[in-house]
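For reference, the structure is listed below as structure tokens.
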């Protein structure tokens, strides 16, 4: 295998591995820009990964499986929104509860629906076929042929999210609610409505991230397949300074770490497999330790809002 082929394969793997993180990271950006911390992204990704497979299994259509994943993610995020916004519960505790519930619920549903433990049946993956003239383009054709539609959608959504947050009236309202909800309220902005909307958007995106992980990469759901990616997405969001494009670059860095640990064994390095496996998580800790103090979250992030109080 020549160097160009290795680089192309590594780049393609990086993009595939980063895609679920990008979806979940964008979800975190929307939620936290409005002032709601969503630690539950991990659990919502679990729910999305399972329901993408279940929806595909039930309908025989992977596109409907994606719809199942997003709707399920939105449903779970509504629970978090109700607890965090309406009931003003501790947002970290609420998100942690969702993580615990989602993992247990998915395991229960595997047994209930597929009558087995550990993993579901294999389902139809999302079709991905490129025109021959694109495949025949040197290097670029090889790279694009190793991707999937989730990768392309994730990259598009990065720019769409950035446009919405920084170029539209809705984005201005979201940022105002996240920075100073009392002031936004006095201007007639419904703080609760904006926060509910953003948390539900985060649920849809994290559910989509789970779908990208299951039917986008391996068309099966198995216990432990999310494996901390929701938390890595949160780290990427912080590393990216709560901005869509910054989050994307951070996700690509973590995706590279994961792709490297998969591909590294073919590089001839004589290291134990466990060393490669821990690489993405070590990188996450180093990034958080080195950059957390240099980033600035929205001023009201994690602070419940009560109308009439300043």
(request) State all residues of the range 110-143 that are touching a residue at least 40 places away in the same chain (Cβ under 8 Å), assigned to a loop (DSSP other than H, G, I, E, B) and surrounded by 10 or more Cβ atoms within 10 Å (Cβ to Cβ); if no residue qualifies, say none. (result) 118, 120, 121, 122, 123, 124, 125, 126, 139
(request) Kindly establish whether residue 75 is touching a residue at least 24 places away in the same chain (Cβ under 8 Å) and buried (at least 18 other Cβ atoms within 10 Å of the Cβ). (result) no
(request) Please find, among 96, 120, 56, the residue that is under 23 Å from the mean Cα position of the chain (by Cα) and modelled with pLDDT under 95. (result) 120
(request) May I ask you to list the residues in the range 87-105 that are free of Cβ contacts under 8 Å to residues at least 60 places away in the same chain and either part of a helix (DSSP H, G or I) or crowded, with 17+ Cβ neighbours inside 10 Å (or both)? (result) 93, 94, 95, 96, 97, 98, 100, 101, 104, 105
(message) Could you check the range 283-310 and list, in sequence order, the residues that are at pLDDT below 70, surrounded by fewer than 15 Cβ atoms within 10 Å (Cβ to Cβ), within 18 Å of residue 246 (Cβ to Cβ) and over 20 Å from the mean Cα position of the chain (by Cα)?
(response) 290, 293, 294
(message) Checking the condition out of contact with any helix residue (DSSP H, G or I) (no Cβ under 6 Å at 6 or more places or on another chain), in contact (Cβ under 8 Å) with a residue 40 or more places away in the chain and crowded, with 18+ Cβ neighbours inside 10 Å, which residue from 280, 219, 244 passes?
(response) 219
(request) Return the residue satisfying two criteria in turn: it lies in the range 222-241 and is touching a residue at least 40 places away in the same chain (Cβ under 8 Å) and assigned to a loop (DSSP other than H, G, I, E, B), and of such residues it is farthest from residue 56 (Cα to Cα). (result) 241
(request) Can you tell me which residue within the range 222-241, out of those that are surrounded by fewer than 24 Cβ atoms within 10 Å (Cβ to Cβ) and within 16 Å of residue 47 (Cβ to Cβ), is nearest to the chain's Cα centre (by Cα)? (result) 231
(request) Answer yes or no: is there a residue in the range 22-39 that is touching a residue at least 24 places away in the same chain (Cβ under 8 Å), within 28 Å of residue 259 (Cα to Cα), under 14 Å from the mean Cα position of the chain (by Cα) and assigned to a loop (DSSP other than H, G, I, E, B). (result) yes
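The values are calculated or read from the model by the stated rules, or taken from the named source; none is laboratory data. Model, not experiment: these values are computed from the prediction. Quick reminder, even Gly has a Cβ in these numbers, built from the backbone with ideal geometry, and neighbours come from all protein chains shown.
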